[in-house]
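Working notes for the structure below.
The values are calculated or read from the model by the stated rules, or taken from the named source; none is laboratory data. All figures in this text were calculated on a predicted structure; none of them were measured in a lab. Virtual Cβ from ideal backbone geometry, glycine too; neighbours counted across all protein chains shown.
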Amino acid sequence: MSFGFPLGLLALVAVPAVVAAYFLRRKQPPRLVSALFLWRTPNQRAEAGPRFERFSREASLALETLALIAAALFLADARCGEAASRTHVLVVVDGSLSMLATTGGRTAADAARDAVAALVRDEGASVVTVIESGPRPRLLAGPQLDVARATAALEAWRPAQPAHDPTPALALAKELSTVPKQRVHFITDGPVGELALPPEVQGRSVGARLENVAFLSAQRRDEAGVATVTVRVAGFMDAPRSVPVRFSAQGLPEQAQQVALTPGATALVRVGMKTAGLIEVTLPDDALVEDGRLRLQPSPPPTLEVSMVPTLDPSAQTTISRALLVMGEVTFVEKDAHLSIGPPSSVARVRVGATGPLQSFVGPFFAQKTHPLLDDVQLGGVVWTAGVNPPGQPLLSAGGVVLMSEADDGVVHLNLEVSRSNVQRSVAWPVLWGNVVRRARASREGFPRRLVHVGEDVPVVTSPGASWALEGPEGASRPVLGVGALTVPPLSPPGAWHLRRDGKRVDTLEVLALDAHESDLTTRGAWSVDAAKTDALATLSGDRPRAWAWAALVLALMLADFWLTARRRS
Amino acid sequence: MHTDAPADLAMVERASAGLSLRLPRVPHRGRLGDARAASVGSSMELHDFRTYHPGDDLRHVDWNAVARTGELVVRVRQDEVSPRVEVVLDATASMAVSAEKSARAKEVALWVCELARHGGCEPVLLIAGREVQRVPGAAARAALSQLRADGREPFDAALARLPPFQACGLRVVVSDFFVEAAPGALAERFARHAAGCALLQVVDAEDLDPSGGGGARLTDAETGEVLERLLTPDVLQAYRERCSAHVSAWQAAARRVSASWTQVPAAEPLTVLARRELSALVEAS
């Protein structure tokens, strides 16, 4: 049994008063009788002396006392069994990558789990809310989850967030607190620096100062069948040290480079490997293993396939092909191309040509300079001959004529009569087609970049008419909503993430556990801060309706007493 | 709280003056006296004739009958005795719940003794209280003047400490008869070996019709047991019914043993009682 308002039990002081009143009421002048047995009812038994049993049979006293006790319990908001009030403990655990740092065979995350368990035990908590701090705070358990389930959720927790400010998580904890000024326990692995914690926060570090060698960045560039891998290694330690950096790929012998590191310094390592497959780069295992292992996916294929619709004006075909060939990594195909170019009447993605009465312009040209297709396109000295206005949003115009537009479905209209214009001979021409090609490359399905750091937003391109999802390294699936070039929030945990279209794998992204701040374990260690306001525990009685059963019991007992005494009076 | 007031024993003599105890019309047992006894004796009253048996007193041979019949015929004469009268007085505390009740019980007991003496009987007063006493009739007044009804046990328990009743002409029991024991057995004991038995129930007005009004801590006068009750009309009515049933049970028991039952209201003076409730016991000398 628990009490939402224990002061209500003060009403119990009235019980002795009732009993005393009962005594006074019952203390009648004695009457000597000749035959007491004639006064007894059949179920009554006279007893000498003021024994307790004498009062127990007094139904009125019993009812009044019980009613008073029930009233006190009602005032005290007594709860029994499942309805008993629950003690709520709010915990924010640091979700940063450094919580995986190992010392003595145990990670800081394990220590955090133990700390939460001890906290729950010490506070006598029955429900727990656990929040993982991160760039976006995440609710690990709760709100107000029972201890067993919260503990299970914590067991499955694996911190993998980049360096971040815990304030959003602490603010979320404050939002989830059940009473004002409820204490929030913050468990991290080191000092939080100059950060001003809210007064309700009680912080504690479970980490330790450790030496660590880590990758700070990684790049892979695939050209002509050769992958060039560039990694930056940093040593967070007190003394100079030499560590080997190993590169391995399937079917190739492992390469290793010894790197001499001085405290606080970094070293750049670059190797070339003739492979188009996965490359693994590793450092010797140390305190934080995660930042010493890299899996580098090959870069997206740079080659763009372009097709020309045969009905396109031959002069236009010639000048466009010349511009595209200059760029390289562009191949012409008959069909199923990434970029199709055709006349205005075609279904190509880029439609070139002018229809209707032609009109030539030497300027001034009005262009949406911020549009990626017109980036760095200079039209000075250009003669542009155009026909009737094409559909879509104007991107470039001269007078009342739209020279270039983009439809809602992304189709680009180039209102240009090549044979009567000189734009194809200007510098703007290759720049314009370069923008077109770059945009076409960026709009290919999949990941434009296959290597991202932890905590970094992930660009992804999807197409309509299919269901898209991201599958994480632990098998968790996250749907991708939207179509086109999207940016999804940072993916966690680090590892290989697969993009699936209707369940079929389309592309793979590697989230690298690289964060210089998280790898620097020399800044970790003991730290604690007490809550400035110590309204420690919150019982959840306040947010639940009162136990009106007690009030009903009081009413029933009083009615029974009234009935009993009224019957006697009658 | 006992209210054992002294009885007006001098008034008893006045109330009994010129009166004697009416004895039952059956042969009595007792010392040689004036009343016809159940035994064959030497009084002048002819009881029967029978043939002579060796050892009979030759003085009792009816020679006239011998002359007429030629057989030895003996006159059998009835014995003449002075009948014993036993007065049993309940001296338990219940007889002292009020001054009237205590005084009236003593007065009635003494009054019966006086009547018996006036009738030539030999009264014996048996007192069953804290102590049991056997007092000859002549010393009854002195004994009663000193008596305190303070027996702390029920009347039937006090009776058990009395010596066995002797055969007597009349046994008068003065009590309130408020005992839980079965009336039948007690009544039979009172009537055993007695030619006649009179049960006089001395009751206080509160015994029969208690007053109500609020609660009461009822204390048994003899055992000290306590019962707290609200004396509501329902409770009082229930008491009256139980009391009436109790008296009825005693009356029935008295009838079964051919004893008389008389209820003596303690509130009434003895002079009044002698003319009304107790008149059946009185015979002019």
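Of these, A:Leu486, A:Leu470, A:Leu491, which one is within 18 Å of the chain's Cα centre (by Cα) and outside any strand (DSSP E or B)? Spell out the reasoning first.
Values: A:Leu486 fails: outside any strand (DSSP E or B); A:Leu470 fails: outside any strand (DSSP E or B).
One residue alone meets the criteria, A:Leu491.
Consider the range A:170-200 and keep the residues that are closer than 23 Å to A:Arg121 by Cβ and small (Gly, Ala, Ser). The one that is modelled with the highest pLDDT is A:Ala173.
Any residue that is away from every other protein chain (no Cβ under 14 Å), farther than 30 Å from A:Pro159 by Cα, at pLDDT 80 or above and touching a strand residue (DSSP E or B) at 6+ places or on another chain (Cβ under 9 Å) - is there at least one of those in the range A:91-111?
To start, the set of residues in the range A:91-111 that are away from every other protein chain (no Cβ under 14 Å) comprises A:91-111.
Restricting the remaining residues to those that are farther than 30 Å from A:Pro159 by Cα gives none.
No; the residues of the range A:91-111 include none that is away from every other protein chain (no Cβ under 14 Å), farther than 30 Å from A:Pro159 by Cα, at pLDDT 80 or above and touching a strand residue (DSSP E or B) at 6+ places or on another chain (Cβ under 9 Å).
Among A:Ser492, A:Ser463, A:Ser519, which is the only one that is modelled with pLDDT under 85 and over 30 Å from A:Val412 (Cβ atoms)?
On the way: A:Ser463 fails: over 30 Å from A:Val412 (Cβ atoms); A:Ser519 fails: modelled with pLDDT under 85.
Result of the check over A:Ser492, A:Ser463, A:Ser519: A:Ser492.
Considering every residue within the range B:189-205, establish whether at least one is closer than 27 Å to A:Trp39 by Cβ, touching a residue at least 60 places away in the same chain (Cβ under 8 Å), facing chain A (nearest Cβ under 10 Å) and not in a strand (DSSP E or B). Looking through the range B:189-205, at least one residue is closer than 27 Å to A:Trp39 by Cβ, touching a residue at least 60 places away in the same chain (Cβ under 8 Å), facing chain A (nearest Cβ under 10 Å) and not in a strand (DSSP E or B). Are any of the residues in the range A:331-340 outside any loop (DSSP other than H, G, I, E, B) and modelled with pLDDT under 85? So far as the range A:331-340 goes, yes, one or more of its residues are outside any loop (DSSP other than H, G, I, E, B) and modelled with pLDDT under 85.
The set of residues in the range B:210-234 being closer than 15 Å to A:Arg31 by Cβ and more than 8 Å from chain A (Cβ to nearest Cβ) consists of B:Ser211, B:Gly212, B:Gly213, B:Glu222, B:Leu231. The set of residues from the range A:31-59 being at pLDDT below 80 and not in a loop (DSSP other than H, G, I, E, B) comprises A:Phe52, A:Glu53, A:Arg54, A:Phe55, A:Ser56, A:Ala59.
Evaluate the following for B:Ala167: is it crowded, with 24+ Cβ neighbours inside 10 Å, under 20 Å from B:Ala254 (Cα atoms) and hydrophobic (A, V, I, L, M, F, W, C)? No. Scanning the range A:404-417 for residues that are under 45 Å from the mean Cα position of the chain (by Cα) and either in contact (Cβ under 8 Å) with a residue 60 or more places away in the chain or part of a strand (DSSP E or B) (or both) gives A:Met404, A:Ser405, A:Glu406, A:Gly410, A:Val411, A:Val412, A:His413, A:Leu414. The sole residue among B:Val235, B:Val226, B:Val247, B:Val202 that is hydrophobic (A, V, I, L, M, F, W, C), touching a helix residue (DSSP H, G or I) at 6+ places or on another chain (Cβ under 6 Å) and in the same structural domain as B:Glu100 (by TED's automatic domain parsing) is B:Val202. Of all positions in the range A:226-245, at least one carries a residue that is buried (at least 16 other Cβ atoms within 10 Å of the Cβ), touching an Asp or Glu at 6+ places or on another chain (Cβ under 6 Å) and either within 29 Å of A:Pro191 (Cβ to Cβ) or of a type in the set (D, E, K, R) (or both).
For A:Arg505, state whether it is over 30 Å from A:Val233 (Cβ atoms), in contact with a His (Cβ under 9 Å, 6 or more places away or on another chain) and surrounded by fewer than 20 Cβ atoms within 10 Å (Cβ to Cβ). Criteria met by A:Arg505. In the range A:3-30, the residue that is surrounded by the fewest Cβ atoms within 10 Å (Cβ to Cβ) out of those that are modelled with pLDDT of 65 or more, more than 11 Å from chain B (Cβ to nearest Cβ) and outside any helix (DSSP H, G or I) is A:Phe5.
Taken over the range A:470-502, the criterion of being out of contact with any Ser or Thr (no Cβ under 6 Å at 6 or more places or on another chain), more than 19 Å from A:Arg138 (Cα to Cα) and exposed (fewer than 12 other Cβ atoms within 10 Å of the Cβ) is satisfied by A:Leu481, A:Gly484, A:Thr487.
Confirm whether B:Ala139 is out of contact with any Asp or Glu (no Cβ under 9 Å at 6 or more places or on another chain), closer than 25 Å to B:Ala266 by Cβ and either within 13 Å of chain A (Cβ to nearest Cβ) or surrounded by fewer than 15 Cβ atoms within 10 Å (Cβ to Cβ) (or both). So B:Ala139 passes the test. On inspection, B:Ala249 does not qualify as more than 11 Å from chain A (Cβ to nearest Cβ) and surrounded by 17 or more Cβ atoms within 10 Å (Cβ to Cβ). Residues in the range B:252-264 that are in a helix (DSSP H, G or I) and surrounded by 17 or more Cβ atoms within 10 Å (Cβ to Cβ) were compared, and the one that is farthest from the other protein chains (Cβ to nearest Cβ) is B:Ala254. Taken over the range A:244-271, residues that are more than 20 Å from A:His517 (Cβ to Cβ) and either out of contact with any Leu (no Cβ under 8 Å at 6 or more places or on another chain) or not in a loop (DSSP other than H, G, I, E, B) (or both) amount to 19. The residues of the range B:265-283 that are assigned to a loop (DSSP other than H, G, I, E, B), of a type outside the set (A, V, I, L, M) and in contact with a Ser or Thr (Cβ under 8 Å, 6 or more places away or on another chain) amount to a single one, B:Glu277.
For (1) free of Cβ contacts under 8 Å to residues at least 24 places away in the same chain; (2) surrounded by 24 or more Cβ atoms within 10 Å (Cβ to Cβ), each residue gets a yes or a no:
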{"residue": "B:Leu89", "(1), (2)": "no, yes"}
{"residue": "B:Met95", "(1), (2)": "no, yes"}
{"residue": "B:Ala109", "(1), (2)": "no, yes"}
{"residue": "B:Ala116", "(1), (2)": "no, yes"}
{"residue": "B:Ala157", "(1), (2)": "yes, no"}
{"residue": "B:Arg161", "(1), (2)": "no, no"}
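When the range B:177-204 is filtered for residues that are closer than 29 Å to B:Ala116 by Cβ, of a type in the set (A, V, I, L, M, F, W, C) and loosely packed, with under 15 Cβ neighbours inside 10 Å, the ones remaining, listed by number, are B:Ala181, B:Ala185. The requirement of being modelled with pLDDT of 85 or more, surrounded by fewer than 18 Cβ atoms within 10 Å (Cβ to Cβ) and not in a helix (DSSP H, G or I) is not satisfied by B:Leu218.
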